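Reviewing the structure listed below.
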Amino acid sequence: MATTVGTCPYNGQQAANTSSTPTLKTVNEIPGPKRVSFLQRRHDVKNYFNYLLELNETYGDIVKEEFAFSSKPVVHVFSPEYAEKVFRTDGNQPHIVPLQETTKNYRTMRGMNPGLGNLNGDEWYRLRSATSQILMKPQGMEKYVPFVEQVAHHLIDHIRYNQNSDNEVDMRKIAGRWSLESAGLIVFERRLGALNDNVEWADYLTGLNHEIFKLSADLKFALPIFRFLPTGKWRKLVELEDKFYAEAHVLMKRAISDIRNNKIKISQQMLVGELASQRTLTEEDVKIIMLSLFSDGLSTTAPMLIYNLYNLAKHPDIQDEIRKEVNSVSKNGEELVSAKRNKLPMLKASIKETFRLYPIGTEISRIPQKSVTLGEYVIDPFTPIDINTNILTRSAKLFTNPNEYQPSRWLRGGEKGDSAHPYALLPFGIGPRMCAGRRFAEQDLQIVLSRLIQNYKISYNYDGISQIYETLLLPNGNCHFKFEQI
C-alpha cells in the first residue's frame, strides 16, 4: 500500500498516512468532564452560560457531557463549521430536544397539544407547514405595521406618564407591558390595555410568565424526580401554568368567537382569521399556535428591547446616527413599512450586534436521525447535540474585538461584516425549525426602537446590565433608563 507524508487534519503535525480512510472515533471518545450529577450541575444555575464557556475552553470545540440518570450523553458544539454540518443533516423534519421539558410535561398532563417548540415528526411538520404560509413570508408582515406603530406610539406616551423626577422609568416592567400589548394586538387582534387601564393585570401576567421560566430552569438542573412524583417545585410550576393559561384561554376564546360571529370583517382579519382558514388546522391547533406565539413573544421580545436600549444608551453616537436615519424616512410620522425600514442600515446593524452580544438563548438543539461526522468523531443517530451559539457570538476566533459593541461590523464593507461565518450568529435558529415568530419580532424591534429614538434621548446611569440564566438569558441588573424628550 502506498504511503505519503502529509499534515494531520486534526493536530496540524506531519504524519505518515496511507490512502485508506482514517479511523474515526466514537461519541464515547469525545473529551469532556466526568459524569455529572444533578447536584453538581445545579450549584450555579444562574451562571450556566459561564459553565458552557468553561467546557469550551477546557475541552475544545466538541465536548461530551454525561449525566446521572441519563443513558445518552449530550454533545456540545462550539464551532460554526461543526454547526453547519449538523444543520445540513436536518432534512425537512429536524428533531429537537423540547424547548421547555416542563411546559411539554404540563401541557401533556392537561391534555393539551405540546406546541411547535415541543413537537417532532409528522405532527410538528403538519402544524409548521400551515403556519409557515402565514408567518414566514416578509410581504405578509406589512398589514401588521399600523398595529405595531400604534403600540409603539402608545409606549412613548406610557414612558412619559411613568417617568420619575429624573425622567427615568423601570424598563423591566414597561418592556413587559409593551410586549404584552404588542403580542395581544397581533395574536388576539385586540388591545389588551397593558399600557393604560390594565397595567396591574399586565404586570401580573408577565410576572407569571417570568416565574414559570425561572422554575423551569431550576427543574432542568434538578434531580428528575418531578417526572414521576409531584415535588414542591413541580406543584408550584403547575399552579403558575394554570393561572397563565386561564388568562390566555379567555383571550383566545374571545378572538375565535369574534371571527365566528363575524365581528371582524374578512377583509380585516389578521392572524386568527388566517389560521382558522387553514383546512389542515383544527380549532385546538389554532389555539396552541396562538398560545405558543403569545407566550414565546412575552419571553423574548421584552428582554431584547432592554438589551437594545442598553447598548444604544451607552453609545449615544450610534443613537444619533439612527435618529438621523429614521428622520430621513419618517420625519412626519409616515408608517415604517418595510421599504422605509430597508433604508435604516445602522438601526438593523445595531439590532444584529445586540443579538450577538446578548443572545437570548444558550443553544440550538438537534437530535440527528442519522449519524453525522464532526472532525474525527462520528455522532450516533439520536444523540442530542447542543450548538452553543451564545459562546460562538463572543468568540475571538470569529469576531474582532468580540466584547465590544460595533454595529458597523454588519454594514456592507464594515469590519468582519461580510466575512462573518454564516453559522456564527443565528438568533432565530435556522432552517425548518427557525423561530416561527421571527418576522414579528424583527418588525416589532425595528419600529419600536425607531420611534423611541426619534422621540427621546436615551441614557443609562447605573453599573451595567449583564445576563442571568432562567431558561433564557434574561437581563440582570438595574433596568432604569432615562428618557429625555426631544
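Values in this text are rule-based calculations from the coordinates and carry no lab data. On a predicted model such as this, the values are computed, not experimentally measured, just so you know. Counting neighbours? That spans all protein chains shown, and the Cβs are built from the backbone with ideal geometry, glycine included.
Project the alpha carbons of segment 52-163 onto their principal axes and report the range along each, largest first, in whole Å.
Extents along the principal axes: 52, 39, 33 Å.
List the residues, sorted by chain then number, that are 5 or more residues from residue 476 or on another chain and whose placed amide H is less than 5 Å from its amide H.
For residue 476, the qualifying residues are 466, 467, 468.
Decide, for segment 111-170, between rounded, prolate and oblate: order the square roots of the alpha carbon gyration tensor eigenvalues as a ≥ b ≥ c, take rounded if a/c falls under 1.5, and otherwise choose prolate if a/b is larger than b/c, else oblate. Walk me through the numbers on the way to the answer.
Numbers: a/c = 4.94, a/b = 2.11, b/c = 2.34.
The shape class here is oblate.
For the chain, what does -39500 (n - 2.57) per DSSP helix run (n ≥ 4), summed and divided by total residues, give at 222 nm, in deg cm²/dmol to the nearest 500? Write out the running numbers ahead of the final one.
Details: 16 runs with 226 residues, N = 486.
My calculation for the chain gives -15000 deg cm²/dmol from helical runs alone.
Which of 63, 281, 97 sits farthest toward the positive end of the charge dipole of the chain, with +1 on the Cβ of Lys and Arg and -1 on the Cβ of Asp and Glu?
281
Would you mind counting up the charge near residue 245? Only other residues with Cβ under 13 Å from its Cβ, with Lys and Arg at +1 and Asp and Glu at -1. Show your work: numbers first, answer last.
Details: positive: 107, 110, 243, 253, 287; negative: 239, 241, 242, 247.
Computed value for this residue: +1.
Could you list which residues have their amide H under 5 Å from that of residue 25, counting only those 5 or more apart in sequence or on another chain, with H placed in the peptide plane?
377, 378
5 Å is the cut-off here: which amide hydrogens, built 1.01 Å from N in the peptide plane, fall below it relative to residue 372, excluding neighbours closer than 5 in sequence?
Residues meeting the criterion, in which the H sits 1.01 Å from N, are 379.
Using only Cα atoms, tell me the angle between helix 283-314 and the longest principal axis of the chain; keep it within 0 to 90° and round to the nearest 10.
90
Select from 52, 165, 82 the residue farthest towards the positive end of the dipole of the chain; place +1 on Cβ of Lys and Arg, -1 on Cβ of Asp and Glu, and compute about the Cα centre.
The one lying farthest along the dipole's positive direction is 82.
With +1 on the Cβ of every Lys and Arg and -1 on the Cβ of every Asp and Glu, and nothing else charged, how large is the dipole of segment 303-348 about its Cα centre, in debye rounded to the nearest 20?
On the way: 8 positive and 6 negative charges, 18 e Å.
Using only the charged Cβ atoms, the result is roughly 80 debye.
Taking the Cα centre of the chain as origin, work out the dipole magnitude from +1 charges on Lys and Arg Cβ and -1 charges on Asp and Glu Cβ, in debye rounded to 20.
Numbers: 60 positive and 55 negative charges, 149 e Å.
About 720 debye.
For the chain, find the longest principal axis of its Cα atoms and tell me its angle to the long axis of helix 316-330, 0 to 90°, nearest 10.
Helix 316-330 and the main axis of the chain meet at about 60 degrees.
Note down the net charge around residue 30, summing +1 for each Lys or Arg and -1 for each Asp or Glu among other residues with Cβ under 14 Å from its Cβ.
Working: positive: 25, 34, 35, 64, 72; negative: 29, 61, 65, 66, 376, 380, 386.
Residues near residue 30 contribute -2 overall.
If I fit a long axis through the Cα atoms of helix 199-220 and take the longest principal axis of the Cα atoms of the chain, what angle between them do I get, 0 to 90°, rounded to 10?
10
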